[in-house]
Structure formats: structure tokens, C-alpha cells
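The values are calculated or read from the model by the stated rules, or taken from the named source; none is laboratory data. It should be emphasised that the depicted structure is a prediction, and the values quoted were computed from it without experimental measurement. Cβ placement follows ideal geometry from the backbone for every residue including glycine, while neighbour counts extend to all protein chains displayed.
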2 protein chains.
Amino acid sequence: MKELSVIVVVADGLGDRPVPSLGMKTPLELVDFSSVADVVSKSAVGLWDPIQPGIRPGSDTAHLALFGVNPLNNYPGRGPFEAIGAGATLKPGDLAFRGNFATVNSDLIVVDRRAGRKILEAKQLVEYLNGNIGEIDGVKVEIYHTTEHRVAVVFRGEDLSDAVSDTDPHTEGVRVLEAAPLASSESAARTARVVNAFTKRVHELLRDYLVNTRKSERDLPPANIVLLRGAGKMVRYPKLQERRELKIERSVAISATALVKGVCTLLGFEAVTPEGATGGVDSDLIAKARVAVDYYRRGYDLIYIHVKGTDSASHDGNPSAKIAVIEKLLKAVSYLVDRVDLEKTVIAVLGDHTTPVMVRDHTSDPVPVMIYAPGIMADGFTKLSEREARRGSLGRLRNTELFGILMDYSSRAEKFGA
Amino acid sequence: MKELSVIVVVADGLGDRPVPSLGMKTPLELVDFSSVADVVSKSAVGLWDPIQPGIRPGSDTAHLALFGVNPLNNYPGRGPFEAIGAGATLKPGDLAFRGNFATVNSDLIVVDRRAGRKILEAKQLVEYLNGNIGEIDGVKVEIYHTTEHRVAVVFRGEDLSDAVSDTDPHTEGVRVLEAAPLASSESAARTARVVNAFTKRVHELLRDYLVNTRKSERDLPPANIVLLRGAGKMVRYPKLQERRELKIERSVAISATALVKGVCTLLGFEAVTPEGATGGVDSDLIAKARVAVDYYRRGYDLIYIHVKGTDSASHDGNPSAKIAVIEKLLKAVSYLVDRVDLEKTVIAVLGDHTTPVMVRDHTSDPVPVMIYAPGIMADGFTKLSEREARRGSLGRLRNTELFGILMDYSSRAEKFGA
């Protein structure tokens, strides 16, 4: 069989639970599917648990599984991916922590683990630190602001170890912890020394920094230290084009979201953000579809379109905004379907995880998925929803299984065995 | 989201197969569900394979998986759990074997591997041995009688190894085996010496013991040795309240079954047996529900009710007794449902494994499960049975997945990823 093109369309946080204000329907159940009813009816439908039932996926772990890497076996923790989500480019061996701006008193007792949580000057503080910390024992340090009081801190140097304990005591009223080596290696001992020097240096820099003084004068707790937790050492992921068992040469991820672009880049995708794609509910999704068609015509093997607006609407607890984004997304899918050769194309539409508008956070509920492929046994549904998906013939797929199916239907998967 | 209380109700051995005398219905299919039809209709339904499809679970391995520990990765063998089921309290590092009272001749040739199987004096023999064996090279030995000729033998001391071979030849007409070290460590060599000293000492003690003499005179084979098999070293399980990825502080297991209470205690539960709870078909299940409501009102996070009568009826091959226990159980569930706040509670009702009345033993058939939770997409069934469960929207869950779902719906699970 000749290899087919694969187009994967993800609506971030697509899945949902019954919503009281929608008469116990889900947003997806109220979406008008008429623009894509034909291709849906030719698709197999089912559920996908990005990690496994009962595990709440992050966007990073979900995307690893979506593209064939089991994150249960190969995930260095949130630190490196928080940094990637904040725009960092990490290399294998880089060590990253999740961090908090916090408030300590002169004895280094933690007074507020979040320094008041809303830190208006966070960007300014991070810039100041990055400009003044310098290297520590030959190790380069980069701080990335993520949200509110949260940062990711990357240490880059030779032979760093993730076997070091947190400096964050995870509670208030006690002293900032010294990082300790958790292995007997020289590498762990040195890394702990570097981390402790970092803590000291950050506190010295922030203690007298003008912005903090001003904040203090306004009776807000000053952000005068960074507490670190969850050391994680960036791993090397096999790129799609390096994986012997797959026939993938060129792949592209079309997204406006740093974390998604970062994960896809690690896996060997080119990553592009079309003009007008914002990552929000206002994003121009036809612009994304247009770029997808362009790469399709250029013969790319795997084309990935990621839409963030559904997740944003979910985190905002806004079901009507979620419905609107999904409908806009389906128009983009329809645009695509009209422009590709359905005899030579596999198309999957799904979520990367469920973000119910009533929960406003990722849950472990499986996501609905539809797979169109030449030759697939179609379920004949004319729409896709959480309820249809529970009756779909794909059943309940886990982790990397979905990717395997896409690779098989596109004739890109090697046989396992003789 | 605020964390919700979780109530788990297990009918031991609940699942079944079609029974000819019931017109090819299962006991569960003939149960009157009217007392709980409302909460069932608001639940999601499905199947759970406690370990994985095709693996017959023990009550111990099933309960480990039920509460989030994959026994495929972390199970020391039946020895330690047989001992726990017989009332032992084991510590990590304790070494335990399954054992048989057996009959040997004067050359230590095994004449009857089960010493006639029904050993009326078993309790007396075990007491006599426990009172007279004493320590062996600083290792304390405890024998626990389980059923018929079966015992569990616990060795407690410094640095014991489970890398030792059986003394049980698993056949008759051959000599009792010497335990041999299966690793080159001093620990394995010493443990083998201790085990062999145990065999010798037990035989010396039993050889001339009056009870055995009398038994011999009655032409019954004397129980004059204990054969050991399946060395297992007790592991340390993470307690629920220690697991960083879960928000569980206080949990209670309400059961009259030593094995279940033992496993739950290892996992961090408090274990209680209400007055009137017998572990049999006559057990007072409303008494259990009443205690559950008490702990619920005291703000416990996870409340577990275990009912053994369904399994006892199954092992007896008695379908009508099984039906009667299930109906009694549903009355207890109804009592609970009337007394908890359904907006703030997750309730699961399921089996820990299937024990078909026609098989009279545990099988690998998946067990029916229903999960009620605020916001869950309900299937709208009004009863739960093996047949409904096969059409339920939960699909077929495996191992620790079910626990993950309960933790997620109660907002007690941490996200895996960024």
C-alpha cells in the first residue's frame, strides 16, 4: 500500500461532562455538525484515554502519547515542560525545576509561599534575575515566568543530576530547605551545591531590589526568594523521522501554543504559527487550515493542527464560548476536507484531554475521537460527541494506541513480528 | 474544585456467569434493585478487570489494585498475604512461606503431602509449634493456620532473603527437600540454613507429639512435618496519605475479613469490624452502613465497605444465598445513599473479583461496577448486572484505572504533566 497523508486536528480540552445550564448536555452535543456530517459518517468513532483511564493528562504528556511516546515510561517531570511552555528551548541533560516566587523573613523562614500570588512585577523580576545571576560554578541559569507567582528554572551545564531534593518546604513557617543530593554521585552533590548557591544568590538580588521595596511599602509580601521543587532532567525523545518502525519523514505542527510547539519540536515536527492564530477563542482557524492544506500539497506526511480556544473557554467555565470555538473548528475541518484527496488521506479529530467547563481543569475523562481513513469500518454517526463516542466501534483506546492506528491506516507502521 | 468524599462498596466475588438453575441468568440479574434504582440511573456503569483480562485475582491482589497499587509490579507472593489473612501483622522485610502439614516416614520421604487433608488438631499443632520452636539463629518464627492442612510460616529477623528454594518437593514418594540459596548472597545462604533448621526442628517436635500419635493409631497419617513453598518477602506499600499525587488524609475500611483488613491496613486505612459483621451470609450489613455514615460525618476522605457473604455463597455454590446477600447489601447501599450528600460524594459499587457459583472459585471474568459522581455522564440503567455492565460507558477498566477515576471525580488526583 502507498503511504497516505495523516492530518490530526486537536481541539485542546475538547471533552466535557454534562452541563446543568445546557440541560445536562455537553457543549459538543450542542454543536452543529452539518458542515462535516459526511466525513463523520464515514469515520470510526470512540474514546481515547491519553495516558490511561483515571490519570489526568497534562497537555505535554497527552501530546507525547498522541504522537507515540508513552509518557509513563519517559517523562522527566513538569519542570522541563513548564519551561518549554514558557518559551524555553531545552536540550537533553538540561535540569529544570518548577519554582515559586515566595516571601521569606530575614531568617529565611517562609512567610508566604506564593508572595501574595498575584505578582504584577513578575516579568520585571525575572528579567532582573536573568540579567544578574550569571553562571554558578560553570552552570548557566535561566528563569522563565509562567503564571502568577510561578516560574520554571533551567540549569544548563555538564553532568547535572536530577537526584536533588526541593528547596521548597511545601509549607509556611519553616526555613527554606537546603537542596540535598539524593544519590551518592559527585554529580548529585555538585548539583545540590549549585542549587543552594542559586537560592542564596536570588535572595541577595531580590532582597534589596527596588520593585520589591515598593511592593513591601504597599503592604504586599515582597517576592524575595524563589523556591524550587521537582527536579527534572530533560530526556531525549526519538524524533518521528528517526523511528525505524515508522515511515515518517516530514511533519508539521500548526499551533500558537508554546508548550505544544515545544513538545512537537522535540518529537521532530516543524512548528509554525500562522498569522491570525492566537491560541485564544478569537483565533483564525481557517488560517490554520489554509497552512495545513499548503503543507499537505507539499507532501508532508503528518500534519498536526492544534486549537487552544476550546481549552481556554473550558478553563473560563464558558460553555457557549466552547461551542462557538468547536463550530469554528468544524468549519476549518470542512475547509480541509474539501481540499484534500479523501482516497489518500487519514484524518483524525479529537481532544488532547478533557477540560469540563464545570471543573475548569483537566480531568481524566476519555476524549471523543473520530478517525476517517480509506477502508475503515465506519460507525455511520453524523456527529461526534462524548455520548456517541461511548457507543463507537473504536472502543476505549489508551495512550500510544491511537497513534499506532493512524500510522497503520496510513500504511506507515512496520509489522511487529514475522 | 473542593474534594468530595469517596465511598467504595465491594461485594466480594460479586460477578458471576449464567447459572442453569436460574434459567441462565446470573444471581445479580435476579436481584431486586428497586431500593437503589435512582442512584444506579445516575451512575456510569462498566466492567473492571482487577488485574488484567485473563488473570484470576486473589482478594489481596484485587484489593491492592482497587486502591491504586498495581500488584503486577509489587507483590511478594502469596506467603505474606496468607499469613495476613490468618491474622498476622507483617512488617516490610518479614519472610513468609505457604506451608502444608504433611506426613513423612522415618527417612523423611513424603508419604502424604497433606497429612490426610482434614487435620482436626491443626490449631493445637500450630499452638504447640509456636510455643516450642523458639528462635533459630536469632530469627523469630510464627506459624499461622489457614485452612485444612495449610499454614503460613513467617520468619522475622535481620536481613532475610526470599531467594531460597522450597522444602516442599510438590510430589510424594521423595525426600523432603533442603532449602537452597537461589542467590550468591550471604543473606540467601543464611536464610536457607534457617529454613532447614526449621524443618528439622518441626519434625522433631511433631514426631513424638501425643496428638499425632493418637492420630496415627486411628490409621490417619500423622502431621509430622511442615513443607514450605513460595518464599516471599514483605514489601513496603506506599500509604494513601503518603502518596503525593493523591489528596487522601483519612481512610477507613469496614470489614470482618482478616485478609481485607490486613491489606487495607498496609495501605494506610484504619480497619474496623462493627458488631454484628461476621464475614458470612448472616452478616449485619446495615451495621456496616451505619459505621460508614459515622465516618462520613467525621469527614473521612475514603470509606470502604467490604461484604464477604457474596463470596462465601459463591464458594458454597449457592445462588439463592448469593441473591439474598446482594439484596441485603443493596439495602445497606440505600441506607447510605439516604444519609450522604450526593452533591459532595462519589460512590462506587462493585466486586473485587468474580466467583461464579458454578465454579466455586475466583475466575478472571471482569466484575460489574457502577460509579456515581456529581457530573458523571450517567448511563441511565436502573439496575447493575454483568449484562448491563458489558454495555456500560465505562467500558472495560483494568487494574489501578478504576481507583484513578474515583480519585479524579472526587478532585483528589494530581495532574500528570503540565
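For the stretch A:146-156, the set of residues classified as touching a residue at least 40 places away in the same chain (Cβ under 8 Å) and surrounded by fewer than 21 Cβ atoms within 10 Å (Cβ to Cβ) consists of A:146, A:150, A:156, listed by residue number.
The single condition among (1) in contact with an Asp or Glu (Cβ under 8 Å, 6 or more places away or on another chain); (2) in contact (Cβ under 8 Å) with a residue 40 or more places away in the chain that residue B:415 does not meet is (2).
Residues that are hydrophobic (A, V, I, L, M, F, W, C) and surrounded by fewer than 24 Cβ atoms within 10 Å (Cβ to Cβ) within the stretch B:374-402 comprise B:376, B:377, B:378, B:381, listed in sequence order.
The rows are residues; the columns are (1) touching a helix residue (DSSP H, G or I) at 6+ places or on another chain (Cβ under 6 Å); (2) within 11 Å of chain B (Cβ to nearest Cβ).
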{"position": "A:48", "(1), (2)": "yes, no"}
{"position": "A:61", "(1), (2)": "no, yes"}
{"position": "A:65", "(1), (2)": "no, yes"}
{"position": "A:71", "(1), (2)": "yes, yes"}
{"position": "A:80", "(1), (2)": "no, yes"}
{"position": "A:84", "(1), (2)": "yes, yes"}
{"position": "A:87", "(1), (2)": "yes, no"}
{"position": "A:93", "(1), (2)": "no, no"}
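Could you please give the count of residues in the stretch A:262-290 that are crowded, with 23+ Cβ neighbours inside 10 Å and outside any loop (DSSP other than H, G, I, E, B)? Residues that pass the stated criteria total 7. Does the stretch B:296-303 include one or more residues that are in contact (Cβ under 8 Å) with a residue 12 or more places away in the chain and at positive phi? Yes - at least one qualifying residue is present in the stretch B:296-303.
Given the residues B:65, B:122, B:102, B:115, which is the only one that is touching a residue at least 40 places away in the same chain (Cβ under 8 Å) and not assigned by TED's automatic domain parsing to the domain that holds residue B:203? Being touching a residue at least 40 places away in the same chain (Cβ under 8 Å) and not assigned by TED's automatic domain parsing to the domain that holds residue B:203 holds for just one of B:65, B:122, B:102, B:115, which is B:65. For the stretch B:297-326, a residue qualifies if it is assigned to a helix (DSSP H, G or I) and of a type outside the set (Ser, Thr, Tyr), and the qualifying residues are B:297, B:309, B:311, B:313, B:315, B:319, B:321, B:322, B:323, B:324, B:325, B:326.
Does residue B:214 count as surrounded by fewer than 17 Cβ atoms within 10 Å (Cβ to Cβ), outside any loop (DSSP other than H, G, I, E, B) and either assigned by TED's automatic domain parsing to the domain that holds residue B:95 or charged (D, E, K, R) (or both)? Considered against the rule, which asks whether it is surrounded by fewer than 17 Cβ atoms within 10 Å (Cβ to Cβ), outside any loop (DSSP other than H, G, I, E, B) and either assigned by TED's automatic domain parsing to the domain that holds residue B:95 or charged (D, E, K, R) (or both), residue B:214 comes out as yes. Figure legend. Inter-residue proximity from the stretch A:376-392: first residues in contact (Cβ under 8 Å) with a residue 12 or more places away in the chain and closer than 25 Å to residue A:4 by Cβ, second residues assigned to a loop (DSSP other than H, G, I, E, B) and of a type in the set (Ser, Thr, Tyr), beta-carbon distance below 7 Å, spacing 6+ or different chains. Indicated pairs: A:377/A:393; A:379/A:393. Close contacts from the stretch B:333-348, counting a first residue that is in contact (Cβ under 8 Å) with a residue 40 or more places away in the chain and within 24 Å of residue B:47 (Cβ to Cβ) and a second that is of a type in the set (Ser, Thr, Tyr) and buried (at least 19 other Cβ atoms within 10 Å of the Cβ), with Cβ to Cβ under 6 Å and a gap of 6+ residues or different chains, come to B:345/B:5; B:346/B:409; B:346/B:410; B:347/B:372. Scanning the stretch A:398-409 finds one or more residues that are over 27 Å from residue A:54 (Cα atoms), touching a strand residue (DSSP E or B) at 6+ places or on another chain (Cβ under 7 Å) and not polar (S, T, N, Q). When each of A:307, A:367, A:346, A:293 is tested for being over 21 Å from the mean Cα position of the chain (by Cα) and crowded, with 24+ Cβ neighbours inside 10 Å, the lone residue that passes is A:346. Going through (1) more than 14 Å from chain A (Cβ to nearest Cβ); (2) over 24 Å from the mean Cα position of the chain (by Cα) one by one, residue B:356 falls short only on (2).
Residues in the stretch A:240-261 that are among the hydroxyl-bearing types (Ser, Thr, Tyr) and either assigned to a strand (DSSP E or B) or within 14 Å of chain B (Cβ to nearest Cβ) (or both): 2 in all. Any residue in the stretch A:68-80 that is modelled with pLDDT under 95 and not in a loop (DSSP other than H, G, I, E, B)? Yes: one or more hits.
Among the residues of the stretch A:330-345, are any touching a Gly at 6+ places or on another chain (Cβ under 8 Å) and either under 27 Å from residue B:1 (Cα atoms) or among the charged types (D, E, K, R) (or both)? No, that holds for no residue.
Count of the stretch B:6-54 residues, restricted to those that are among the hydroxyl-bearing types (Ser, Thr, Tyr) and crowded, with 20+ Cβ neighbours inside 10 Å, is 2. Considering only residues in the stretch B:57-99 that are in contact with a strand residue (DSSP E or B) (Cβ under 6 Å, 6 or more places away or on another chain) and surrounded by fewer than 24 Cβ atoms within 10 Å (Cβ to Cβ), the one that is nearest to residue B:136 (Cα to Cα) turns out to be B:94.
In the stretch B:370-418, the residue that is farthest from the other protein chains (Cβ to nearest Cβ) out of those that are within 20 Å of residue B:343 (Cα to Cα), part of a strand (DSSP E or B) and hydrophobic (A, V, I, L, M, F, W, C) is B:370.
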